[in-house]
Amino acid sequence: MRTIAVIPARMAATRFPDKPLADLHGLPMVIHCYLRTRLSERIDEVFIATCDHVIAETAVRFGARVVMTADTHLNAVDRTAEAVRILSDEPGEPIDVVVLVQGDEPLLDPSTLDLLADAVASDPDIDVVNVMVPFKNREDFLDRNNPKVVTDVRGNAIYMSREPIPSPWKHWDQANSFMQTGLFAFRPHALEWFAATPRTDLEAAESIDMLRLAYHGRPLRMVVVPEPSIGVDTPDDLRRAAELLLDDPYFPRYRDQS
């Protein structure tokens, strides 16, 4: 089974322009994501998908394979889908699983990627997998910046919302409180379906793309990890990531590749 990871990256970002190439201890942020993804035991190949030549040139300098994509994509899933279409036209073994790795999570845990890949490989009925993490306090649970998810007995998402679900109006139950994250794994046909299917009113209302699956009655398997990855959206986030990398167990395994 061929499992690949795609890291979509672009220079244009409203809150933090040029952030993929922001320096973190001598390495561009997107390269941290690339090198950490390579530490995964379940991923066979890693590609950086971008529309920006400066990102492509940087990636090649660090030995990464690059897929050039259109500059019209509005989200990471669409860019990843185009990259997979391009790669699928190349000769070689068919792609079985695609793991979408965000290019702004320089503290990504490679074992989480293993978990995603294994979840798809273990069940032929699973086409899309998403990571969720437990909320540690009520304040974060109530924060509308944090998307919530509730699941059924099989671990499939029932619904996702910016509102607190399940409702805490009687009491807050930490055991049933989970945050949806931006880490996904797809079978290629499911990724293509997702990219080709128009955005729904439901996902627009909640600002959560994965509700496209729920709206169309397609399952989304959720897997739990204990801690979220640290996303970088602002220069302050970058400074925090730089501090955390000093004690990170994976960083010493690749830090000398600058």
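Just how far, in whole angstrom, is region 196-242 from region 89-128 if you go by their alpha carbon centroids?
16
Pop the C-beta distance of His189 and Arg154 into the FRET formula with R0 = 35 Å and round what comes out to the nearest 0.05.
Numbers: r = 21 Å, r/R0 = 0.60.
Here the calculated transfer efficiency is 0.95.
Can you tell me how much longer the chain between Thr14 and Arg240 gets when fully stretched, taken as 0.36 nm per residue apart minus their C-alpha distance, in nm with one decimal? Please list the in-between numbers first.
Details: separation 226, 0.36 × 226 = 81.36 nm, distance 1.96 nm.
The span from Thr14 to Arg240 would gain 79.4 nm if fully extended.
Would you look at the GNM of the chain, springs on alpha carbons closer than 10 Å, and say which of Pro166, Pro226, Pro106 moves the most?
Between Pro166, Pro226, Pro106, it is Pro226 that shows the largest mean-square fluctuation.
Taking 7 Å along the Cα-to-C-beta vector as the label spot, tell me the His216-Glu90 distance in nanometres, rounded to one decimal.
That separation, rounded to one decimal, is 2.7 nm.
Based solely on its DSSP helices, what 222 nm [θ] is calculated for the chain when runs of n ≥ 4 H residues each add -39,500 (n - 2.57) and the sum is averaged over all residues, nearest 500 deg cm²/dmol?
Numbers: 9 runs with 80 residues, N = 258.
Computed ellipticity for the chain at 222 nm equals -8500 deg cm²/dmol.
With both bridge residues required to lie in the chain, what share of the DSSP beta bridges run antiparallel, to the nearest 5%? Before the final figure, lay out each step's value.
Working: 18 of 36 bridges.
Beta bridges within the chain, antiparallel portion: roughly 50 percent.
Taking a spot 7 Å from the Cα of Asp173 along the direction of its beta carbon, which residues of region 139-157 have an amide N less than 13 Å from it?
Within reach of a label on Asp173, which here means backbone N under 13 Å from a point 7 Å along Cα→Cβ, region 139-157 contributes 150-153.
Bins of 5 Å, beginning at zero and ending with the bin holding the largest distance: percent of Cα pairs per bin for region 100-258, please.
In order of increasing distance, the bins hold 1, 8, 16, 19, 20, 16, 11, 6, 2, 0, 0 percent.
About its Cα centre, what dipole magnitude does region 1-114 give when the only charges are +1 on Lys and Arg Cβ and -1 on Asp and Glu Cβ, stated in debye to the nearest 20? Don't jump to the answer; show the numbers that get you there.
Working: 11 positive and 18 negative charges, 43 e Å.
The dipole of region 1-114 has a size of about 200 debye.
Could you grab the relative contact order for the chain? Cα pairs under 8 Å, six or more apart, rounded to a whole percent.
Details: 483 pairs, mean separation 57.4, N = 258.
Relative CO of the chain lands at 22 percent.
Could you calculate the FRET efficiency of Leu202 with Leu74 from 1/(1 + (r/R0)^6), where r is the beta carbon distance between them and R0 is 25 Å, rounded to 0.05? All intermediate terms of the calculation are to be shown ahead of the outcome.
Details: r = 18 Å, r/R0 = 0.70.
After rounding, the FRET efficiency stands at 0.90.
Starting from the 7 Å offset along Cα-to-Cβ, what nm value, one decimal, do you get for the label separation of Lys136 and Leu39?
Between Lys136 and Leu39, the label points sit 1.9 nm apart.
Any read-out appearing in this document is the output of simple, stated calculations on the displayed coordinates, not a laboratory observation. These numbers come from a predicted model, not from an experiment. Every residue, glycine among them, receives a Cβ derived from its backbone with ideal geometry; neighbour counts consider all protein chains shown.
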